[in-house]
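Notes for the one structure printed next.
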Protein chains: 2
Amino acid sequence: MRRHLLMVITLVALLALASFAAAADPLPSWNEGQAKRAIADFVKRVTTAGGADFVPVAERIAVFDNDGTLWVEKPMYVQLAFALDRVKALAPQHPEWKDKQPFKAALEDDLKAVAAGGEHALLELVMATHAGMTTDAFAQIVTNWLATAEHPRFNRPYTDLVYQPMLELLAYLRANGFKIYIVSGGGIEFMRPWTERIYGIPPEQVVGSSIKTRFELSEGKPVLVRLPEINFIDDKAGKPVGIHQHIGRRPIAAFGNSDGDLQMLQWTAAGNGLRFALIVHHTDSEREWAYDRQSHVGRLDKAFDEAKANGWTLVDMMKDWKVIYPFQQE
Amino acid sequence: MRRHLLMVITLVALLALASFAAAADPLPSWNEGQAKRAIADFVKRVTTAGGADFVPVAERIAVFDNDGTLWVEKPMYVQLAFALDRVKALAPQHPEWKDKQPFKAALEDDLKAVAAGGEHALLELVMATHAGMTTDAFAQIVTNWLATAEHPRFNRPYTDLVYQPMLELLAYLRANGFKIYIVSGGGIEFMRPWTERIYGIPPEQVVGSSIKTRFELSEGKPVLVRLPEINFIDDKAGKPVGIHQHIGRRPIAAFGNSDGDLQMLQWTAAGNGLRFALIVHHTDSEREWAYDRQSHVGRLDKAFDEAKANGWTLVDMMKDWKVIYPFQQE
């Protein structure tokens, strides 16, 4: 009798757990609305065996931009903050920088003067801070910097400033058999040291801009040395090129936030079968930032028009997201 | 009674199956010997939880050269045979090729004259046959060619001429949690259309040489057009660079057959913890080919010396392999 009772209790508990699991919302930080419905609808259709839109697991490739899509990109790209900090850290070894632009501007935190130097100035800063060491040494520099640097507005590590709703989206897609890649204009080696820990995305699923490296034997030990020479710019029309180079098949879903993602979204959306394209629109000036057509960082203009014309999913950060950052959760 | 008998029979059958599965040799085409023992020992050590050499699944990355390591590379690289066939197929659209080297030599099957043109001649042939179309179109051209082309000695499709012992090794490593990449001097887009079907290696796990591509809107449809410009040569010192660019972490096992694989083997072997490096030595002039230090294709000279000096595993094809190709199995 007692044994029977135990069995019944166990069964009831199991049933309760199962129904709880089925009812649990995989996207709890998303408000009910069109964006959330569109995501759930897409996932359901491509994962329903026998359905017209079913996609085998091996082909469930999703690509995500990073800056402004998965983590904060204001007031400046995190990688630019890193470069400026590195200029300061390296300044003692470069006394000539005190009088030489764009280094002088960087040392004086004169962002306007840095910006005035245009792309060439930025390139100089990147090469001076990202090249000249081994790949292992650079990964360590990035890791050390992220452990101590703080975002100027939130006074927290940059890796705290990832979007909670997007973390849930990554987990939801993974649970449904998706293989997730980052495809970012940012440096591939600036992202790889931390994307697995923060996003669950391993190094081999990160695509980004890069400088060249050279294989050398350093005192008999093989190393890869980072060279001050651009290898690949993974932005705009470069994104489909980077996707094809690294993945070799077309994604079925793409997520971005700016004109830098337009061609990646076009390339993804133009594939055969059901495709999903989503743009995060920064509309929340209180909890985060509000910017689109006029912004220098993360400008959303052409891609905004295309999203509307093509029925891509637009996320209104203010309306669609209950929280922005994980630390804001109750 | 009858039901009980059935249960007993089922149980016995299940137990027999289980013990058979446990005893089954995962490398049946490998003769007992040092190479086979070294492979099994390495796999056991890195997969034994709690052991000194244990490696988490996420870090079990293995890299394989393709030509001469996974499939035949004599009498010429398969991709060269492809290029020569493509020159013939495209000749009607290029009447000028009849009188122009290296195309004239290719059309006349004069391999000596092609070789006399050196690297520049080869590059011209590659660009004329591998560029100028979309990535989708090129993949289709490769697929169509492989469906009809035959190896001149064995009169079989080239994809039949993969090494059975290496197929077993791929399956064995996969069963032990390894993620397997091809890292080949051959064209990345020449391999991707068939490596999943033949080796079980998906496109995103193929690293190779490449030409540049450009994103374009062709009548509103996004395409990637292949350009007659080298992007990356994934050979010799290029292999660790390609590995780092695509994978972003160091492999724990590397498999090659020639000096083109030396730096990949060095890079892998120099990592922390237990590492495995293996070279396939072509010693079987009857069933396949015998070549090493003097060969133009697949020269094994410096890497041969390094293998001996560093205790890397050397596979003697004639002695270590029971069969070479799948179709030779009883």
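The values are calculated or read from the model by the stated rules, or taken from the named source; none is laboratory data. Keep in mind that what you see is a predicted model, and the values were worked out from it rather than measured. As a convention, Cβ positions derive from the backbone with ideal geometry for all residues, glycine included, and neighbour counts pool all protein chains shown. Just so you know, the surface numbers come from the protein's heavy atoms only, side chains and all, with ligands and any DNA or RNA stripped out. Shrake-Rupley method; radii C 1.70, N 1.55, O 1.52, S 1.80 Å.
Inter-copy label distances for A:ALA49: 2.8 nm (label point placed 7 Å from Cα along Cα→Cβ; shortest first). Computed from the Cβ-Cβ distance with R0 of 35 Å, the FRET efficiency linking B:LYS319 to A:GLU219 stands at 0.40.
Name the residues of region A:254-298 whose accessible area, probed at 1.4 Å, falls by at least 40 Å² once all protein chains are in place instead of their chain on its own? Hits at the 40 Å² cut-off: A:GLN266, A:TRP267. Sorted shortest first, the distances from the A:ALA149 label point to those of the same residue in the other copies are 4.7 nm; each point sits 7 Å from Cα along Cα-to-Cβ.
Taking region B:24-172 on its own, what percent of its Cα-Cα pair distances exceed 23 Å?
Values: 5976 of 11026 pairs.
Looking at region B:24-172, the distances longer than 23 Å represent 54 percent of pairs.
Note on the protein assembly as shown: the alpha carbon radius of gyration divided by the globular reference 2.2 N^0.38 Å gives 1.07. Distances from A:GLN101 to itself in the other copies, using label points 7 Å out along the Cα-Cβ axis, amount to 5.4 nm in increasing order.
Taking the Cα centre of region B:250-322 as the origin, how large is its charge dipole in debye, to the nearest 20, when only Lys and Arg (+1) and Asp and Glu (-1) carry charge on their Cβ atoms?
Numbers: 9 positive and 11 negative charges, 50 e Å.
Its charge dipole is roughly 240 debye.
A simple charge model with +1 on the Cβ of Lys and Arg, -1 on the Cβ of Asp and Glu and nothing else charged puts the dipole of region A:119-275 at about 500 debye relative to its Cα centre. Computed from protein heavy atoms with a 1.4 Å probe, the total accessible area buried between A and B is close to 3000 Å². Extending 7 Å from the Cα toward the beta-carbon at both A:GLN328 and A:ASP160 defines two label points whose distance is 1.4 nm.
Find the relative contact order for region B:89-185 and round it to a whole percent, using C-alpha pairs within less than 8 Å whose residues are 6+ positions apart. Don't skip to the end; give the middle numbers.
Working: 40 pairs, mean separation 10.2, N = 97.
Normalised by residue count, the contact order of region B:89-185 is 10 percent.
Rolling a 1.4 angstrom probe over the protein heavy atoms with all chains in place gives the protein assembly as shown an accessible area of 46 Å² per residue.
Quantify, in whole percent, the carbon and sulfur part of the accessible surface of chain A (1.4 Å probe; protein heavy atoms only). Mind dumping the intermediate values first?
Working: 8600 of 15330 Å².
That fraction is 56 percent.
Axis angle, to the nearest 10 degrees, between helix A:164-175 and the longest C-alpha principal axis of chain A: 60 degrees. Each part gets one Cα centre, and for region A:26-43 versus region A:239-310 those centres are 18 Å apart. Our note on the geometry: Cα centres of region A:130-178 and region B:65-134, 46 Å apart.
Using only alpha-carbon positions, what ratio does the radius of gyration of chain A give when scaled by 2.2 N^0.38 Å? Each step should come with its number before you reach the end.
Numbers: Rg = 22.4 Å, N = 330, 2.2 N^0.38 = 19.9 Å.
Normalised by 2.2 N^0.38 Å, the Cα Rg of chain A equals 1.13.
Checked against a 19 Å cut-off, the cross-linked pairs A:LYS36/A:LYS74; B:LYS44/B:LYS322; A:LYS36/A:LYS308; B:LYS74/B:LYS112 give Cα-Cα distances beyond that limit for A:LYS36/A:LYS74; B:LYS44/B:LYS322.
The magnitude of the dipole of the protein assembly as shown, with charges of +1 and -1 set on the Cβ of Lys/Arg and Asp/Glu and taken from the Cα centre, is near 1660 debye.
For chain A, the longest principal axis of the Cα atoms and the long axis of helix A:135-148 meet at an angle of about 70 degrees.
Using a simple spin-label model with pseudo-atoms 7 Å out from Cα toward Cβ, B:ALA91 and B:LYS308 lie 4.6 nm apart. Relative contact order, whole percent, for chain A stands at 21, derived from Cα pairs under 8 Å and 6 or more residues apart.
Given 0.36 nm per residue, what is the gain on full extension from B:LYS212 to B:ALA40 after removing their alpha carbon distance, in nm? Mind dumping the intermediate values first?
Working: separation 172, 0.36 × 172 = 61.92 nm, distance 4.05 nm.
So the chain would gain 57.9 nm between B:LYS212 and B:ALA40.
Taking the helices alone, the protein assembly as shown has a mean residue ellipticity at 222 nm of -13000 deg cm²/dmol, built from -39,500 (n - 2.57) per DSSP H run of at least 4 residues and averaged over all its residues.
Can you give the extra length, in nm with one decimal, that the chain gains between B:ALA270 and B:LEU107 once fully stretched, where that is 0.36 nm per residue apart less the Cα-Cα distance?
Numbers: separation 163, 0.36 × 163 = 58.68 nm, distance 4.57 nm.
Gain on stretching B:ALA270 to B:LEU107: 54.1 nm.
Axis-proximal residue of chain A for the rotation onto chain B, reported as residue and distance in whole Å: A:HIS246, 3, based on Cβ position.
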